[in-house]
Amino acid sequence: EEASRPPWRDWLSPMDAQLSQIAAVVDLKARAERYMEVMEDKLGMGDTGSIQAVVAHLLSDEVPAAIARKAFMHMATNLRTLLGGEAFEEVAEFTLEKMRGSSTSFEDSDHTIRRELFEHYKSEHDFGSAARALSGIQMENIATGSEAERSNTIADHYVTVAETYLIEDETVDAENFVNKATAHMGDVTDTHIQLRYKVTHSKVLDANRKFLDAAWNYYQLSQTPATLIKADDLLVLLGKATTCAILGKAGPQRDRILLSLVKDERLPSLEQVDGYATHAQVLTKMYMQQILRKTELRAFEESLMDHQKAVTAEGLTILQRAVIEHNMAAAAQVYENIRFEELGALLEIDASRAERMAAKMISEGRLNGFIDQVESVLHFQDDKSVLTNWDKQITALCVTVNRTCEKITETVPALSEEGAAAVSPPAPAE
């Protein structure tokens, strides 16, 4: 027997020798079963070196593609169960890398391993790695039932990846996958996926400082029926809409959003929501074109998220810039013209910065006026009709009256009953 032993067998490691023996098995079914047995045995032992050797062997020319696919699928379904922790990460990442370089497609096994890696990294709170693992799945070629079912599956996948990237504040990658989901949302029929997409899209807009677009999206979400989203969560969405509207650039677009929010009867309820106690007050003053002072914004500023506290290229925080622009627009309601030295004192900035910001707002069409640089004076122009301003004041008055009535009836319910009785028609005579 020793004489008939192939001399090359002595040059191989025990693992390589075992794999060579299996490769020599003629019966394809038996050969596939032997590979799966070896893989399962090494997984149970936690022998990562031998597992990697099996992976490399299965991808070699010695193993037919059909057998390799079957063995890899068996490995993928058992990998996380039999191998945990860092050993699982090592083998899974190694296998995916080797599969990627192979000319043979192992799509099903690749998808299974990536989903298992996603769940593993999530359990370890490594959301960046989890998102990267899941993002490697190529969804555009999947074939699942009807067109609607296919769109639901693809959109759900892309939204999940975007949600996971957002947890790590990786907004560029999150936006990329939100955009991929957008292409399929027209055919999505699952309401839960639609809502998750809208929330994720709003968060991406918010994170990218597109505050007015985010505010409108949040506000539309806050009007979702309570059967789909809890009432408390709807109030939080309204609070997020309010935050983004306040941080947005002053101008006609923000004015329209402020009007929608001020008219919403739920706005006063934000005072009872943690983190939104002063939002209604600040937003109402903005809508009424009233000057805002730093002392009025302390509680609001403390409620902001980290990305909303960022410093802009101008050296101002996002909130500071938004308030200065608002106060400048509010000054236009009071002054016909003003020297920049006085405007700077009003805005609590220096005169040169006030001039630069006014010039920028005028050039962007967000402030009506012109600058006399010789005299260092800002002249305001009002291109709104008297009726438009009157309508705005009437709207604000009606909103205030409605809220006052609501507070009175909440405090003294009997007044509501007496009022109803007073306006009720007399009972018909018998």
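The values are calculated or read from the model by the stated rules, or taken from the named source; none is laboratory data. Bear in mind that the values here come from a model prediction, so they are computed numbers and not experimental data. Glycine gets a Cβ as well: all are built from the backbone with ideal geometry, and neighbour counts include every protein chain shown. Accessible surface is based on the protein model in full, side chains and every heavy atom, while ligands, DNA and RNA are left aside. Shrake-Rupley method; radii C 1.70, N 1.55, O 1.52, S 1.80 Å.
Among the residues of the range 117-158, just one is more than 20 Å from GLU107 (Cβ to Cβ), among the aromatic types (Phe, Trp, Tyr) and open to solvent by less than 30 Å² (accessible area, probe 1.4 Å), namely TYR121.
Would you mind finding the one in THR81, THR104 that is farther than 14 Å from THR160 by Cα and in contact (Cβ under 8 Å) with a residue 24 or more places away in the chain?
On the way: THR81 fails: in contact (Cβ under 8 Å) with a residue 24 or more places away in the chain.
Going through THR81, THR104 in turn, the sole match is THR104.
Here is a yes/no grid of residues against (1) loosely packed, with under 13 Cβ neighbours inside 10 Å; (2) under 32 Å from the mean Cα position of the chain (by Cα); (3) in a loop (DSSP other than H, G, I, E, B):
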residue	(1), (2), (3)
ARG321	no, yes, no
ILE324	no, yes, no
VAL334	yes, no, yes
ALA358	no, no, no
ILE362	no, no, no
ILE371	no, no, no
VAL374	yes, no, yes
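Out of (1) at pLDDT 70 or above; (2) loosely packed, with under 11 Cβ neighbours inside 10 Å, the odd one out for SER424 is which? Condition (1) is where SER424 drops out.
Given the structure, is VAL55 under 21 Å from MET15 (Cβ atoms), open to solvent by less than 20 Å² (accessible area, probe 1.4 Å), at pLDDT below 90 and not charged (D, E, K, R)? Full working, then the answer.
Working: under 21 Å from MET15 (Cβ atoms): yes; open to solvent by less than 20 Å² (accessible area, probe 1.4 Å): yes; at pLDDT below 90: no; not charged (D, E, K, R): yes.
Answer is no for this residue.
For the range 335-353, the set of residues classified as closer than 19 Å to VAL282 by Cβ and out of contact with any strand residue (DSSP E or B) (no Cβ under 9 Å at 6 or more places or on another chain) consists of LEU347, GLU348, listed by residue number. Sub-6 Å Cβ pairs linking a first residue in the range 262-283 that is acidic (Asp, Glu) to a second residue that is open to solvent by 10 Å² or more (accessible area, probe 1.4 Å), at least 6 apart or interchain, are GLU271/ALA277, ordered by first then second residue.
The residues of the range 278-318 that are open to solvent by less than 40 Å² (accessible area, probe 1.4 Å) and more than 23 Å from SER222 (Cα to Cα), listed by number, are GLN289, LEU292, LEU297, ALA310, THR312, LEU316, THR317, ILE318. The numbered conditions (1) surrounded by 14 or more Cβ atoms within 10 Å (Cβ to Cβ); (2) within 25 Å of ARG256 (Cα to Cα); (3) modelled with pLDDT of 90 or more are all true for ALA351 except (2). Listed conditions (1) over 23 Å from SER103 (Cα atoms); (2) open to solvent by 30 Å² or more (accessible area, probe 1.4 Å) are all met by VAL38, apart from (2).
Cβ separations smaller than 8 Å between residues 6+ apart or across chains give the following pairs from the range 158-182 residues that are of a type in the set (Phe, Trp, Tyr) to residues that are surrounded by fewer than 18 Cβ atoms within 10 Å (Cβ to Cβ) and in a helix (DSSP H, G or I): TYR165/GLY128. In the set (1) closer than 21 Å to ALA214 by Cα; (2) in contact with a Gly (Cβ under 7 Å, 6 or more places away or on another chain); (3) part of a helix (DSSP H, G or I), the condition left unmet by ALA354 is number (1). Please name all residue pairs, on different chains or six or more residues apart, with Cβ atoms under 6 Å, provided the first residue is in the range 371-392 and is farther than 16 Å from LYS360 by Cα and charged (D, E, K, R) and the second residue is surrounded by 10 or more Cβ atoms within 10 Å (Cβ to Cβ) and at pLDDT 60 or above. Taking only residues 6 or more apart or on different chains, the pairs are ASP383/ASN368. For ALA329, the conditions (1) under 27 Å from the mean Cα position of the chain (by Cα); (2) surrounded by 14 or more Cβ atoms within 10 Å (Cβ to Cβ); (3) at negative phi are fulfilled apart from (1).
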